[in-house]
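Below is one structure, written out as structure tokens; comments come after it.
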Amino acid sequence: MRPGGDHHMSPLAIIQIGNVLGEGVVWHQAEKCLYWVDIEGKCLYQLALDDDAALETDVSRRIKHFDTPERLCSFGLCASAGWIIAGFESGFAYYHFKSGTIHWISKPPELKENMSFRLNDGRVDRQGRFWCGAMVEDEAIGFGANLYCLNHKGDLSSHASEIGISNGICWSPKGDYFYFADSRRQVIYRYSYEKHTGHIHSKTVFAETATNVFPDGAVTDEYGCLWSAHWGSGQIVRYTPEGRIDQFLTVPASQPSCVAFGGEKNNLLFVTSATQGLSQSSLASEPQAGNIFVYRVLVHGITEPYFAGNPA
């Protein structure tokens with residue numbers, strides 16, 4: 001990808017999965033597996049990729065799917081095989097996706113008291129905490145959701161409020177900055193991040209998106225650039241650490257939802273997408289909507305850490 005422009009790169013592969021709301025994509029380096037969810041389909045997917053060459057074959061036989069007891073909105077990896085730290089629609093839990101075993105940790109009051117709220121985007125920081133923000137599904141309510149952090153002891157703390165749709169949680173390579181998007185406000189924020197305590201402060205506007213374009217899932221690369229899925233525009237936008245747009249990657253679906261680096265050299269970019277809310281005419285013009293797009297890029301990602309807690 002050349003800096004400074006719109007790049008119409010062809011996908012290395014398209015994983016035909018047809019998700020309603022594909023999201024939360026994560027690469028598990030040790031397992032050489034890609035995980036993601038279809039939130040509305042109440043399903044977690046696992047794709048085993050022993051090497052990048054496997055993408056050149058029919059990968060459908062490599063995909064396993066696991067039903068979830070309620071909408072799984074985001075998750076983090078655990079060192080214990082088969083377990084994830086889960087941000088379900090109603091709260092936080094350890095979830096063993098193969099057996100269906102669930103150990104509830106915390107259900108925030110805002111989610112229990114108002115059915116218009118659910119958890120949404122989440123990611124594990126490099127100290128092993130799971131950050132996950134809520135969203136307001138009822139647009140008539142608009143705002144009022146919180147951003148949470150769950151530590152390895154199961155202690156839950158709230159760090160921001162009056163959010164519309166939490167998204168884009170990620171950190172700079174050194175972990176000194178925290179990125180967070182409120183999709184409904186169409187803003188990506190940057191905070192200073194205290195690695196040892198998990199506190200965020202000194203909030204600034206990092207970037208704003210155009211009308212009818214919403215910042216969704218995001219991840220940073222080895223150079224500290226932020227790759228943000230722009231729902232509504234069919235683009236992944238790479239921002240420099242200063243918030244300047246460096247380049248665009250156009251994808252064959254208008255609603256890209258989340259991004260992750262992975263593969264043998266951590267230089268594959270996986271992009272989930274969604275069909276949710278698209279009209280029949282839009283679906284007809286976007287036959288690849290809901291699939292996962294894979295690109296080989298010229299930079300490397302950062303290995304996804306494990307949640308520090310133990311489900312046992």
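The values are calculated or read from the model by the stated rules, or taken from the named source; none is laboratory data. What you see is a predicted model; the values in this text were computed from it and never measured. FYI the Cβ positions are ideal-geometry reconstructions off the backbone, even for glycines, and counts take in every protein chain you see. Protein only, heavy atoms only, side chains kept; ligands, DNA and RNA dropped before computing areas. Shrake-Rupley method; radii C 1.70, N 1.55, O 1.52, S 1.80 Å.
Quick notes on this structure:
- Heavy-atom accessible surface of the stretch 193-312, averaged per residue, reaches 41 Å², computed with a 1.4 Å probe.
- HN-Hα J in Hz across the stretch 176-188 - Karplus 6.51, -1.76, 1.60, θ = phi - 60°, x for Gly and Pro: 8, 10, 10, 10, 8, 10, 9, 4, 5, 7, 6, 9, 9
- From phi via Karplus (6.51, -1.76, 1.60), per-residue ³J(HN,Hα) for the stretch 97-106 in Hz, x at Gly/Pro: 6, 7, 9, x, 5, 10, 10, 5, 10, 7
- Exposed loop sites are taken as GluC sites (Glu not before Pro) in a DSSP loop (any state but H, G, I, E or B) with at most 15 other beta carbon atoms within 10 Å; the longest stretch of the chain without one runs 140-221.
- Within the stretch 229-248: backbone nitrogen closer than 20 Å to the K203 label point (7 Å, Cα to C-beta): 243
- Efficiency of FRET from Cβ geometry, T57 and H300, R₀ 25 Å, rounded to 0.05: 0.55
- Computed from the C-beta positions of R244 and W104 and an R0 of 45 Å, the FRET efficiency is 0.55 to the nearest 0.05.
- Spatial separation of Cα centroids for the stretch 57-95 and the stretch 274-312, in angstrom: 14
- Ratio Rg/Rh [Cα only; Rh per Kirkwood] for the stretch 172-312: 0.99
- For V213, solvent-accessible area (1.4 Å; no DNA, RNA or ligand), Å²: 20
- Whether the stretch 204-279 is rounded, prolate or oblate, judged on the alpha carbon gyration tensor where a/c under 1.5 counts as rounded: oblate
- Computed from phi, the 3J(HN,Hα) profile of the stretch 282-287 under the Karplus parametrisation 6.51, -1.76, 1.60 (θ = phi - 60°) reads 5, 4, 5, 8, 10, x Hz, with x in place of Gly and Pro.
- Where the stretch 46-142 is the region considered: accessible area per residue in Å², 1.4 Å probe: 42
- Average projected area [Cα convex hull, the stretch 1-148], square nanometres: 11.3
- Whether the stretch 237-312 is rounded, prolate or oblate, judged on the alpha carbon gyration tensor where a/c under 1.5 counts as rounded: oblate
- Residues with amide H under 5 Å from that of C73, placed H, sequence gap 5 or more: G87, F88, E89
- Under the Debye formula (equal points on every Cα, no solvent term), log10 I(q)/I(0) of the chain at q = 0.07, 0.10, 0.11, 0.16 Å⁻¹: -0.23, -0.49, -0.60, -1.42
- For the chain, the 222 nm mean residue ellipticity estimated from helices alone, with every DSSP H stretch of n ≥ 4 adding -39500 (n - 2.57) and the total spread over all residues, rounds to -500 deg cm²/dmol.
- The stretch 102-176: C-alpha gyration tensor shape, a/c 1.5 cut-off, then a/b vs b/c: oblate
- Model label sites at E137 and K64, defined 7 Å from Cα along the beta-carbon direction, differ in position by 2.9 nm.
- Distance between the pseudo-spin-label points of S80 and S192 (7 Å out from Cα toward the beta carbon): 3.8 nm.
- Taking only protein heavy atoms and a 1.4 Å probe, the accessible area of the chain is 48% carbon and sulfur.
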